[in-house]
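Below is one structure, written out as structure tokens, with a few remarks after it.
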Amino acid sequence: MKTVVPCYYHLDVEVSPERVDQVRRILAAHLRYWDLENLVEPVCHCAERLLRTIAEHAADKNTTLEMWWNGQHLITAVADIDGESHPQDATRGCLAHIAAMSDGWGWCATGSGGRIVWFSRRVRAMERAPLVPAVPAPSLREARRTPRELPVPVLAAPVPEGALVAATAG
């Protein structure tokens with residue numbers, strides 16, 4: 001059984017439309033490194049959606065992004081400093097999208113006037129298929145077919161029966 005080591009990643013970034021794709025690639029690389037390939041698309045999509053909302057509407061673009069992996073859940077949090085400047089329609093649409101794509105989500109205000117939006121994804125156990133042993137490749141000896149027994153042609157004349165008995169007695 002594979003053991004899971006808890007993992008944590010922290011990134012402070014000044015978000016701009018050009019940097020959003022770069023941050024997405026960084027997150028995808030960390031998820032693949034943690035053997036969470038099946039979470040790359042939903043987690044990166046939700047994080048990208050949050051980052052694009054911050055890039056478009058926040059006055060202060062400094063953002064902190066964190067990911068925690070505990071072996072069962074991956075929790076991703078995006079914190080911005082300027083939480084009050086987002087239009088309500090943009091924030092509602094972004095949060096509704098995150099709620100639809102995650103197993104759990106929430107947000108809270110920070111002491112500095114910003115907010116933290118977090119979402120989690122549970123890693124579902126993959127359906128297990130019984131392993132079928134692979135047929136080993138045949139060795140050279142097994143790969144050659146054994147020749148059929150063919151009668152050996154008689155090269156010499158048959159020996160008379162009396163001569164064979166006399167040769168063994170003497």
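The values are calculated or read from the model by the stated rules, or taken from the named source; none is laboratory data. This one's a predicted model, so the numbers in the text were calculated from it and none came from an experiment. Cβ atoms come from the backbone with ideal geometry, glycine included; neighbour counts cover every protein chain shown. Accessible surface areas use protein heavy atoms only, side chains included; no ligands, DNA or RNA. Shrake-Rupley method; radii C 1.70, N 1.55, O 1.52, S 1.80 Å.
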Give the residues of the range 11-21 that are over 12 Å from residue 61 (Cβ atoms) and either more than 21 Å from the chain's Cα centre (by Cα) or modelled with pLDDT of 95 or more (or both), sorted by residue number. 11
Here are some conditions: (1) touching a helix residue (DSSP H, G or I) at 6+ places or on another chain (Cβ under 8 Å); (2) surrounded by fewer than 11 Cβ atoms within 10 Å (Cβ to Cβ); (3) charged (D, E, K, R). Residue 32 meets all but one. Which one does it not meet? (2)
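Going residue by residue through the range 48-61, is there one that turns out to be polar (S, T, N, Q) and either free of Cβ contacts under 8 Å to residues at least 24 places away in the same chain or under 15 Å from residue 81 (Cβ atoms) (or both)? Write out each step before concluding.
First, the residues of the range 48-61 that are polar (S, T, N, Q): 53.
Checking which are either free of Cβ contacts under 8 Å to residues at least 24 places away in the same chain or under 15 Å from residue 81 (Cβ atoms) (or both) leaves us with 53.
Taking every residue of the range 48-61 in turn, at least one turns out to be polar (S, T, N, Q) and either free of Cβ contacts under 8 Å to residues at least 24 places away in the same chain or under 15 Å from residue 81 (Cβ atoms) (or both).
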Take the conditions under 19 Å from residue 6 (Cβ atoms) and surrounded by fewer than 17 Cβ atoms within 10 Å (Cβ to Cβ) and apply them to residue 37. Does it pass? yes
Filter the range 77-93 down to residues that are under 20 Å from residue 44 (Cβ atoms) and either of a type in the set (Asp, Glu) or open to solvent by 20 Å² or more (accessible area, probe 1.4 Å) (or both) and give me whichever is modelled with the lowest pLDDT. 90
Starting from residues that are open to solvent by less than 10 Å² (accessible area, probe 1.4 Å) and within 15 Å of residue 30 (Cβ to Cβ), keep the ones in the range 52-76 and report whichever is farthest from the chain's Cα centre (by Cα). 65
